[in-house]
1. Treating the angle as unsigned and between 0 and 90°, give the value, to the nearest 10°, between the Cα long axis of helix 142-152 and the longest Cα principal axis of the chain.
2. Between V366, V262, V167, which gets the highest mean-square fluctuation from a Gaussian network model of the chain, Cα cutoff 10 Å?
3. Tell me the label-point distance for the pair Y175, L290, using the 7 Å Cα-to-Cβ offset, in nm and rounded to one decimal.
4. Taking every DSSP beta bridge that has both residues in the chain, what percent is antiparallel when rounded to the nearest 5?
5. Can you list the trypsin sites (Lys or Arg not before Pro) in region 155-242 that are in a DSSP coil and have 13 or fewer other beta carbons within 10 angstrom?
6. Name the lysines eligible as straight-distance cross-link partners of K36: C-alpha to C-alpha under 16 Å, and not fewer than 8 places from it in the same chain.
7. Among (1) 80, 45, 44; (2) 98, 54, 36; (3) 61, 47, 36, which is the computed Cα extents along the principal axes in Å?
8. Using a 10 angstrom cutoff on alpha carbons, build the Gaussian network for the chain and name the most mobile of A116, A284, A161.
Amino acid sequence: MLYQTHLVIHLDHIRANLLAIRAVIGPERKLLIAVKANAYGHGAVAVSRMAEAAGVDWLGVATVPEALQLREAGIRLPILKLSPAFPEEMEAALDAGVTLAVCDPDNAEALEALCAARGARAAVHLKLDTGMARIGVQPPSAPALARFLAERCPHLDLQGAFTHLPVSDDADPAYTEEQIRRFRATVAAVEAAAGPLELVHCANSGAVLGHPEGFLNLVRPGIMIYGFYPDPGTPRSIPLLPGLSFRTRVSFLKKVPAGTRVGYGLTWAAPEDTWIATLPVGYADGFNRLFSNRGRVLVAGRSYPVVGRVCMDQTMIDLGPETNVRVGDEVVLIGRSGEAEITVDEWAKALGTITYEVTCQISGRVERLYSDPQAH
């Protein structure tokens, strides 16, 4: 490990989260896990390999290159691209055996033309917009699009239908309950128009935790796989273990006199003679600049404040007038140190964002080290 700022990915924790979800949804339902955005920063290939061995049924990605990366790594599980592909992406997706989403006739026609030219067939999932207004066919138009696929696209097999629930993590269940009812009714109309569907799915993490009426025959959790609840108000109906720890080491120490100002802009002054430790981590790694003069880290079970501005590659902390900390000591940015802990939720609250963004913004130069004591 040549760069000491690193993530430890706890694959055993992620596996435990998968098994806990499986216990709740039952063996009769299929499980798709979202591994888009490099598995929310955890490493899509390693997570997918573990998931494949653990009995996960499907993987979900956002882009064709994400799917190709998994195929090149030897992952054989079915992969669903959760949004439509552009026509120029379709051939690569078909070559990799990626199942595509369709939402409109033009996109379906482009895929049909490609399949016809290749003499091939492709399974597709119909994406329905039941109340998020992002992508998807509107419910009144869905049966007509399903008929179009059945009658005008002989090389496409309508395997499934799905929708997304934008407030399933909200404490008020009313909107999501109505949305699930709308989705079920739309699916019934689609099946009346084009025949039965093999896979029907809408349950994201919030729905897995709080809306069992949305389980249907496939569920597709995302953030909860990695040990984080989608919102502070979401029911904690399934216990989860954190999927990562973020660590670095002390790279430099100096004793400074009272009044010494620290960092870009000289925004912090030492109130007394104190020890300043420099850490080789900065906002280019995902240690957000908003932690300037208000973040904290853990060293040997103690919390120390960030002082001065977080730099691109380095950060300073105040150790106080006396310290036993030495160059090379481990520093925990997210995770446990002794009895103390800094969580992803704490970061999200401090930064005014969500746990998803926290883990996704830990940059690629931060090496991922995979821990799996349970692996055989």
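1. Helix 142-152 sits at roughly 60 degrees to that axis.
2. The residue that fluctuates most here is V262.
3. Modelled inter-label distance: 2.1 nm.
4. 50
5. R236
6. K81
7. (1)
8. Its mean-square fluctuation being the largest, the pick is A116.
Every number in this text was worked out from the coordinates using simple rules, so none of it is lab data. Source: prediction; values computed, not measured. Here the Cβ is made from the backbone with ideal geometry for all residues, glycine too, and neighbour counts use every protein chain on show.
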